[in-house]
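Contents: one structure, followed by commentary.
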Amino acid sequence: MTIAPLDLILLLGSLQGVILATLLWTNRKGHRLSNRLLATLIGLLALMSLAVGVPVLNKWVSFALELLPLIVVMPLGPLIYFYVKSVLDPTFQLDRFERYQFCPVVLDLGATVIGWMFVIGVLLGVFNESQGPSFGAVMDEYNTYIDIPRWLSVTLYLVLTRQLLAQPVTMAGGKDPNPVADRPQRRSWLWQFVNVFLVFQLIWLIHLVPYIIPTLRGPLLDTFGWYPVYVPLAVLIYWLGLKGYLYARNSPVEVVPYKINATSLPAEIVEKAIGLLTNAMQTDKLYLDPELTVDKVGRHVRLPAKTISFVLNQYHQKSFNTFINEYRIEAVKHRLANPASDYLTLTGIAFECGFNSQATFQRAFKQIVGVSPKEYNSQLRGIPIKSRFE
């Protein structure tokens, strides 16, 4: 079997990507989340290179390339953005909102789903094999035009990532929660990382424009194929894998926490912290998140978790959980007073207001309000308690 030189470059790039993605994923040095985000990014690029570079020796290889989701592009933008964010801020974690940004991956699976529908349909007798070319044409058209939102998604996240890099990483009082994140070599690596992807986006755009024009698509692919995009992609895999792995190996996490005095805080820090926490609850309504933690709030308001706990304990004389539950209970009371909520059970209202446990809700409500939720609702409505909760 003879492999064309350009295909060999793609296959070697794919192999290099898999090896380096594995090394990054298992690497014990550096920031674990950063390493794994970069490993996933390189792994997806390696699969794309494999999908184009692998020789089509028979129909089974062709079927595998059509039916396996080897080209997955939509997660690349979020992976780039979250990787940079995790390097700048080692306290960053992927919460529910961040995970939702990977949902557009379903767009990458469209052609694969169409192909499997045909295969299953043939097995069930719904379709016959003679309809295969029609399904193949639909898959080809889908793969053609899905590249438009793919390119736009990656480009948008790159723009957002550049904006993120341009911002200083600061917290209340002008302190830096992680001064190491602003060291010149770290910033230099991240700027290189983003700019190289932007260059690749430009190369992709130059190929994409004639590709999506039906009259130009055939001549383009007949003359150049996908090599103008995937050979640079292979080079990107080599560079990104080696540079990223060496960076991770040589950059152990150095988090310099903001130290607070055991007995007091500067008045301006306390005032700003209280203002940020109040705004986060009243305006951003973070309390509606049933999985809310002090670390999540800290990342939202850009304050260390210890500072938040200290301010609440020393200046509000309450724990973080009590602080959050007070807002949740006020929201429950507001919902109970609204006739539009009459169709909901009390537990349903509690869950919509941020509680994730009926027992926690019952206990917190009685502790803060002084009566049980049923008793409060009975007093509010002037009706027997059982009439609402039977």
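The values are calculated or read from the model by the stated rules, or taken from the named source; none is laboratory data. All of these numbers come straight from a predicted model, not from anything done at the bench. Positions of Cβ are generated from backbone atoms using ideal geometry, with glycine treated the same way; all protein chains shown enter the neighbour counts.
If you check Leu47, Leu15, which single one turns out to be of a type in the set (A, V, I, L, M), over 14 Å from Tyr238 (Cβ atoms), over 17 Å from the mean Cα position of the chain (by Cα) and at pLDDT 90 or above?
Leu47
Among the conditions (1) in contact (Cβ under 8 Å) with a residue 12 or more places away in the chain; (2) over 22 Å from Pro149 (Cβ atoms); (3) among the aliphatic types (A, V, I, L, M), the only one that Ala64 does not satisfy is (1).
Looking across the stretch 102-154, the residues that are modelled with pLDDT under 95 and of a type in the set (S, T, N, Q) come down to Thr112, Asn128, Ser130, Gln131, Ser134, Asn143, Thr144. Taking the listed residues Tyr287, Tyr258, the one that is surrounded by 12 or more Cβ atoms within 10 Å (Cβ to Cβ) and at pLDDT below 70 is Tyr258, with no other qualifying.
Quick check, is Val169 within 25 Å of the chain's Cα centre (by Cα), modelled with pLDDT of 95 or more and under 25 Å from Ile80 (Cα atoms)? So Val169 does not fit the description; no. So which residues in the stretch 111-129 are among the aliphatic types (A, V, I, L, M) and more than 24 Å from Tyr145 (Cβ to Cβ), if there are any at all? Ile120, Val122, Leu123, Leu124, Val126 - these are the residues of the stretch 111-129 that are among the aliphatic types (A, V, I, L, M) and more than 24 Å from Tyr145 (Cβ to Cβ).
Note on the stretch 314-344: residues that are farther than 25 Å from Pro304 by Cβ, in contact with a helix residue (DSSP H, G or I) (Cβ under 7 Å, 6 or more places away or on another chain) and polar (S, T, N, Q) total 1.
So, of the residues in the stretch 300-316 that are surrounded by 19 or more Cβ atoms within 10 Å (Cβ to Cβ) and either in a helix (DSSP H, G or I) or among the β-branched types (Val, Ile, Thr) (or both), which turns out to be nearest to the chain's Cα centre (by Cα)? Residue satisfying both the conditions and the ranking: Val301. Mind counting the residues in the stretch 295-307 that are at pLDDT below 90, out of contact with any Asp or Glu (no Cβ under 8 Å at 6 or more places or on another chain) and within 25 Å of Phe351 (Cα to Cα)? Final tally of qualifying residues: 3.
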